[in-house]
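Have a look at the structure that comes next, please.
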Amino acid sequence: MLDVDTTFLIQFTDTTLHKCTVCSATLRGNVDGLLTAELWDKDDDIEPGQKFLAYYDIDGKYVKHSARIEMILPSDARSMIAFRLIDQPMSAENREDERITIKDMGLIANFDNEIDYPLIDISSYGFAIESTKKYTIAKVVTVTIRFQGTKYIGKASVESITELSSGCYRYGFRSVDNSRTSVSLKAALQNIKSAFDNKPDVTAMGSN
């Protein structure tokens, strides 16, 4: 269950426009199952009755939980909502089935134009890195990856954290990039995975 002051991820999906919007939020209250949350951004398009998926951590496991907005609360800066969770949470950790190790490829993920991390593994939807820096579940970063001469940019969110004996942390990130362009983060992950699947000598490609 979500605890007060927990940061989590919200995904709104518009099936009519075939568009999804992802934002971070902080839980501010819980009264008899009616939860209140502060979105990190102002969103004037949300409305009562709207459903969304909440992504958060339970005992080290990343889950997704259906939810419904009951009311929009008054707020000058960020959007505030009251909502209820629906049914039971489900595992959101589905990268394991298709994860491939690429730590020998020399590919780098740059975070927020500040820090470079070697990519440890990837799937079509996410990737893993190791770092001494502490990130929190649902933390969103801007990721830049260069592959075969192309620069890809998008956003990713922390979905799992494993503390290693070396004092580092292994982070699993999921792409929350809404862009469908050829240079989005999702495009990078899919292109790298495809190259790995189709070319045994992919380790020689590097990041160019």
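Kindly flag which residue pairs out of Lys61/Lys155; Lys64/Lys151; Lys151/Lys193 have an alpha-carbon separation exceeding 19 Å in this structure.
Those over the limit are Lys61/Lys155; Lys64/Lys151.
Once Rh is set to the Kirkwood radius over Cα pairs, what Stokes-Einstein translational diffusion coefficient, in µm²/s, holds for the chain at a temperature of 10 °C and a viscosity of 1.306 mPa s? The partial results should precede the final answer.
On the way: Rh = 18.1 Å.
Taking Rh from Cα pairs, D becomes 88 µm²/s.
Could you check the simple spin-label distance between Glu70 and Ile86, using points 7 Å along Cα→Cβ, in nm with one decimal?
1.5
With +1 on each Lys and Arg Cβ and -1 on each Asp and Glu Cβ, and nothing else charged, work out how big the dipole of the chain is about its Cα centre, in Debye to the nearest 20. Write down the numbers at each step before the final one.
Working: 24 positive and 30 negative charges, 104 e Å.
Here the size comes out at about 500 debye.
Run the dipole for the range 102-143 about the Cα centre, Lys and Arg Cβ at +1, Asp and Glu Cβ at -1, nothing else charged, and hand back the magnitude in debye, nearest 20. Don't skip to the answer; put the middle values down first.
Working: 4 positive and 6 negative charges, 37 e Å.
Using only the charged Cβ atoms, the result is roughly 180 debye.
Tell me what the chain gives for mean residue ellipticity at 222 nm when only DSSP H runs of n ≥ 4 count, each as -39,500 (n - 2.57), the sum divided by the residue total, rounded to 500 deg cm²/dmol.
Numbers: 1 runs with 14 residues, N = 208.
Theoretical 222 nm ellipticity from helices: -2000 deg cm²/dmol.
Classify the range 144-201 as rounded, prolate or oblate from the Cα gyration tensor: take a ≥ b ≥ c as the square roots of its eigenvalues, call it rounded if a/c is under 1.5, otherwise prolate when a/b beats b/c and oblate if not.
Numbers: a/c = 2.47, a/b = 1.44, b/c = 1.71.
The shape class here is oblate.
Another question, if that's okay. First measure r as the distance between the Cβ atoms of Thr150 and Asp41, then evaluate 1/(1 + (r/R0)^6) with R0 = 25 Å and state the FRET efficiency to the nearest 0.05.
0.30
Still on this structure: In what sequence, highest mean first, do 117-127, 39-49, 72-82 appear when ranked by Cβ atoms within 10 angstrom?
Working: 117-127: 20.7, 39-49: 11.9, 72-82: 14.1.
With the highest mean Cβ count within 10 Å placed first, the list reads 117-127, 72-82, 39-49.
What is the magnitude of the charge dipole of the range 7-91 about its Cα centre, with +1 placed on the Cβ of each Lys and Arg, -1 on the Cβ of each Asp and Glu, and no other charges, expressed in debye to the nearest 20? Before the final figure, lay out each step's value.
Working: 9 positive and 13 negative charges, 43 e Å.
Dipole size: approximately 200 debye.
Values in this text are rule-based calculations from the coordinates and carry no lab data. What you see is a predicted model, and the numbers here were worked out from it, not measured in a lab. Don't worry about glycine lacking a Cβ; one is built from the backbone with ideal geometry, like all the others, and counts go over all protein chains shown.
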